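First comes the structure, then the notes that go with it.
The values are calculated or read from the model by the stated rules, or taken from the named source; none is laboratory data. Note that the structure is predicted; figures quoted are calculated from it, not measured. Cβ: placed from backbone, ideal geometry, glycine included. Neighbour counts: every protein chain shown.
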Protein chains: 2
Amino acid sequence: MKCLECGYESELSQRIITCPKCGGIMEIKVKIPSNFNFSMLRGRGVWRYRDAIPGNYNKTVSISEGGTPLVSSSFSSYLFYKFEGANPTGSFKDRGMTIAISSALSEGYKVVVAASTGNTAASAAAYAARGKMRIYLVLPSGKVALGKLAQSILYGATILEVNGSFDVAMSTVLRLYKELGVVYPLNSFNPWRLEGQKTIAYEIAEEIGVPDNVVVPVGNAGNVYAIWKGFVELMEAGVTSKIPKMIGVQAEGASPIARAIQKGESIPEFVDSPETVATAIRIGKPVNWKKAIKAIVESRGNALTVSDNEILEAQKKLARLEGLGAEPASAASLAGYQKAIEKGILGKDEKTVLILTGHALKDPDAMLKSDARRILVNPDHVDKIILGELDASS
Amino acid sequence: MKCLECGYESELSQRIITCPKCGGIMEIKVKIPSNFNFSMLRGRGVWRYRDAIPGNYNKTVSISEGGTPLVSSSFSSYLFYKFEGANPTGSFKDRGMTIAISSALSEGYKVVVAASTGNTAASAAAYAARGKMRIYLVLPSGKVALGKLAQSILYGATILEVNGSFDVAMSTVLRLYKELGVVYPLNSFNPWRLEGQKTIAYEIAEEIGVPDNVVVPVGNAGNVYAIWKGFVELMEAGVTSKIPKMIGVQAEGASPIARAIQKGESIPEFVDSPETVATAIRIGKPVNWKKAIKAIVESRGNALTVSDNEILEAQKKLARLEGLGAEPASAASLAGYQKAIEKGILGKDEKTVLILTGHALKDPDAMLKSDARRILVNPDHVDKIILGELDASS
């Protein structure tokens, strides 16, 4: 393990979450076995790739996370969607949570804590419940999508609502972790979570090989790095022979990383009051910014911003052309992909995977923003209405 | 194909949905190939079992439905949950919809119609969108869970809201289908849909063999029959050697089939104004009642009723003990299982699969009925609160 801030190096240890020396973000270096071979793997989902996941687990808490569908586009044979909404709590967060909660239990923790825009909360609450751990969630008051808040309640978490943005909640958890040794932090500054998330890359590589590009919505910025890390490990082991370009997409009102990449700067300018309809990526100070920039730059990728309007239009397009229901943050992938093609950053004939990070059902209010055709009718008149419309359109 | 009402028999035809002679419910008899063998199958999900699915499909519309996780219980090694919330639109309906929409397209239809309590609507809207078909949904006004209504809007369906219960919507669609040849009906009186749903049985048998019992929430009553049918086909082909007992569970306020089974009657007394918190099974006149009673009786199964309170308690138990988020109708499975054990209908040491038909996110309002621990706090005081609680409990 190595600190991205001060360069401190240590042996692999599940006790280490942030740098013991400076408190910085740690990287976990994994060398997968040289005889690693997809055809020899058993089971399905995150733990199928156990050989590539570091750490010792005397207890594992799994709810069959991962193993999500890779859906082909109906309008391009080069385009695929990794539908992470099919995870148990409806987002990719479950992949990291199975590792983090298993790790926390194996290390003897009894209490976990997480800041969240909602998806981390729902996932953490589910895995903590299954692992019989006590959980505290720190959420920005009034800024969590309805489905996600309801999940956290159903799973029985204690919810501490703070005034302010996600970034306030996040720094509260960081402080809690540093000051109270007794709580285990489930946010993505915890590098063990990313070891679960990297299995997105393993699954894509196993199913269709390595694509040319992977497009990822960027919020707290752990996922774009985790997926890149998975591809790097596979190439270093000789299982695959290339790395995809990592394309990060941020909402205009919360885009410190995309702006840094576009300006060629290595340190982003944080956003104090991030705003976007895509609540899952409404983050102004991404804790993993260094990892994200590393993944994007080293993969020769790129980053873009998309407007709220482009996001909602993309959400509708995903639903109405592809039949896929994804939350606004996920739809940012498609909006970014379209913009990247317009700008010549990507080619239409390059094999590209868009990561759809969470289910449309997470945020019913966003779905209701679509134009609706709702007609209140007398049941006896239904056939007249349908026949009338069919006549008019024929 | 054979009519369950008048006994009329016909060759297999995808044009046939209800009995051409009397309008009754048709059964599709399938003999799977004698060389059918799980180890030879390819792919994942519903179409993995193509050899067992009747019909000709020159177009298929798939969004990677099926292939859902079978999750082990944390408190019983004999208990498993089939988590159908992991389907693309969040319910088991997607399994039947891929077959029905593919069939409709293959037969040249351009317009589809469905009545729904919500899940069928969301699924039908998604598959119609992907298949580029026009869709009309007939919904009972004000009685559809928020997530499901929002999905139907996002997918761009035309929503016709009628006053009255689901049963009014259902009979409207039946009439539409019989009077207007031009629309293809997506409700479960369409036997082709059940051919997709039966793959739940194929997946269970492939993963853990044939269990002793399968517990299924019963609304319009197609699913309990479809799953039974899958197990029967496998046994008739010699792939497996037994049939599980099919246990149907209904909500007290909408329980015509359970009451008929309990009284040993072959014809149920329908319920005019069905009421239950479990909107997905709020159905008083199940269109597939004959099929359901057949499956339950021939499998030597049983049927139970559970109260709304038992359903909500089971939903909470699923979430807080198992980490599984299921909508109220799904939780009826667990409530029914518990009651069946209390009543001596099932043994604790019998291998049992509960079908969790839909995702908790489908119905955020139901989740919010759980007791919540929400505290509004100043971020600076979060650590004091947590330390205080930990002290108090240690």
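The residue list A:Arg300, A:Arg259 contains one member that is modelled with pLDDT of 95 or more, surrounded by fewer than 19 Cβ atoms within 10 Å (Cβ to Cβ) and in a helix (DSSP H, G or I), which is A:Arg259. Within the stretch A:83-109, being within 13 Å of chain B (Cβ to nearest Cβ), in contact (Cβ under 8 Å) with a residue 60 or more places away in the chain and assigned to a loop (DSSP other than H, G, I, E, B) holds for A:Thr89, A:Gly90, A:Tyr109. Screening B:Phe92 on (1) more than 18 Å from B:Gln315 (Cβ to Cβ); (2) in contact with a helix residue (DSSP H, G or I) (Cβ under 6 Å, 6 or more places away or on another chain) shows it passes everything except condition (1). In summary, A:Ala124 fulfils each of the numbered conditions (1) modelled with pLDDT of 95 or more; (2) more than 20 Å from the chain's Cα centre (by Cα); (3) of a type in the set (A, V, I, L, M) with the single exception of condition (2). Of all residues in the stretch A:244-255, which are more than 26 Å from A:Glu233 (Cβ to Cβ) and either modelled with pLDDT under 95 or buried (at least 21 other Cβ atoms within 10 Å of the Cβ) (or both)? Correct list: A:Ala251, A:Ala254, A:Ser255. Considered as a group, the residues in the stretch B:262-282 that are in contact (Cβ under 8 Å) with a residue 40 or more places away in the chain, not hydrophobic (A, V, I, L, M, F, W, C) and not in a loop (DSSP other than H, G, I, E, B) include one that is surrounded by the fewest Cβ atoms within 10 Å (Cβ to Cβ), and that residue is B:Gln262.
Checking each residue in the stretch B:334-358 for being among the hydroxyl-bearing types (Ser, Thr, Tyr) and either closer than 26 Å to B:Gly147 by Cβ or at the interface with chain A (Cβ under 10 Å from one of its Cβ atoms) (or both) picks out B:Tyr337, B:Thr357.
Evaluation of A:Asn378 against the conditions (1) loosely packed, with under 14 Cβ neighbours inside 10 Å; (2) closer than 29 Å to B:Asp167 by Cα; (3) more than 8 Å from every other protein chain (Cβ to nearest Cβ) shows that the sole unmet condition is (3). When restricted to residues that are in contact with a strand residue (DSSP E or B) (Cβ under 9 Å, 6 or more places away or on another chain), outside any loop (DSSP other than H, G, I, E, B) and free of Cβ contacts under 8 Å to residues at least 60 places away in the same chain, the stretch A:51-76 contains 1. Among the conditions (1) in contact with a Lys or Arg (Cβ under 9 Å, 6 or more places away or on another chain); (2) surrounded by fewer than 24 Cβ atoms within 10 Å (Cβ to Cβ); (3) touching a residue at least 24 places away in the same chain (Cβ under 8 Å); (4) within 9 Å of another protein chain (Cβ to nearest Cβ), A:Ser393 misses just one, which is (3). Which residues, taken from the stretch A:135-181, are facing chain B (nearest Cβ under 7 Å) and of a type in the set (A, V, I, L, M)? Selection gives A:Val138, A:Leu146, A:Ala150, A:Ile153, A:Leu154, A:Ile159, A:Leu160, A:Val162, A:Val168, A:Leu176, A:Leu180.
Just name the residue that is farthest from B:Ala314 (Cα to Cα) out of those in the stretch B:381-390 that are within 7 Å of chain A (Cβ to nearest Cβ) and more than 44 Å from the chain's Cα centre (by Cα). The qualifying residue farthest from B:Ala314 (Cα to Cα) is B:Asp383.
For the condition within 24 Å of A:Tyr337 (Cα to Cα), surrounded by fewer than 24 Cβ atoms within 10 Å (Cβ to Cβ) and out of contact with any Pro (no Cβ under 6 Å at 6 or more places or on another chain), A:Ser91 does not qualify. I'd like to check something: does the stretch B:140-150 contain any residue that is among the hydrophobic types (A, V, I, L, M, F, W, C) and free of Cβ contacts under 8 Å to residues at least 12 places away in the same chain? Yes: the stretch B:140-150 contains one or more residues that are among the hydrophobic types (A, V, I, L, M, F, W, C) and free of Cβ contacts under 8 Å to residues at least 12 places away in the same chain. A:Glu27 meets all of the listed conditions (1) within 14 Å of chain B (Cβ to nearest Cβ); (2) surrounded by 15 or more Cβ atoms within 10 Å (Cβ to Cβ); (3) charged (D, E, K, R) but one, namely (1). Does B:Ile32 satisfy the criteria of being of a type in the set (A, V, I, L, M), part of a loop (DSSP other than H, G, I, E, B) and over 20 Å from B:Ala226 (Cα atoms)? Considered against the rule, which asks whether it is of a type in the set (A, V, I, L, M), part of a loop (DSSP other than H, G, I, E, B) and over 20 Å from B:Ala226 (Cα atoms), B:Ile32 comes out as no. Only one entry of B:Ser64, B:Ser106, B:Ser73 meets the criterion of being hydroxyl-bearing (Ser, Thr, Tyr) and in contact with a Pro (Cβ under 7 Å, 6 or more places away or on another chain), and that entry is B:Ser64.
Does the stretch B:6-19 hold any residues that are surrounded by 15 or more Cβ atoms within 10 Å (Cβ to Cβ) and either touching a helix residue (DSSP H, G or I) at 6+ places or on another chain (Cβ under 8 Å) or assigned to a strand (DSSP E or B) (or both), and which are they? Scanning the stretch B:6-19 gives B:Gln14, B:Ile17, B:Thr18. Selection over the stretch B:303-333 of residues that are within 14 Å of chain A (Cβ to nearest Cβ) and either in contact with a Ser or Thr (Cβ under 7 Å, 6 or more places away or on another chain) or assigned to a helix (DSSP H, G or I) (or both) gives a count of 16.
Of these, B:Lys285, B:Lys291, which one is under 20 Å from the mean Cα position of the chain (by Cα) and part of a helix (DSSP H, G or I)? Within the list B:Lys285, B:Lys291, the selection yields B:Lys291.
Of all residues in the stretch B:58-87, which are under 27 Å from B:Gly131 (Cβ atoms) and surrounded by fewer than 17 Cβ atoms within 10 Å (Cβ to Cβ)? Selection gives B:Asn58, B:Lys59, B:Thr60. Is it the case that the stretch B:359-370 has a residue that's more than 7 Å from chain A (Cβ to nearest Cβ) and either outside any helix (DSSP H, G or I) or under 18 Å from B:Ser76 (Cβ atoms) (or both)? Checked the stretch B:359-370: at least one residue is more than 7 Å from chain A (Cβ to nearest Cβ) and either outside any helix (DSSP H, G or I) or under 18 Å from B:Ser76 (Cβ atoms) (or both).
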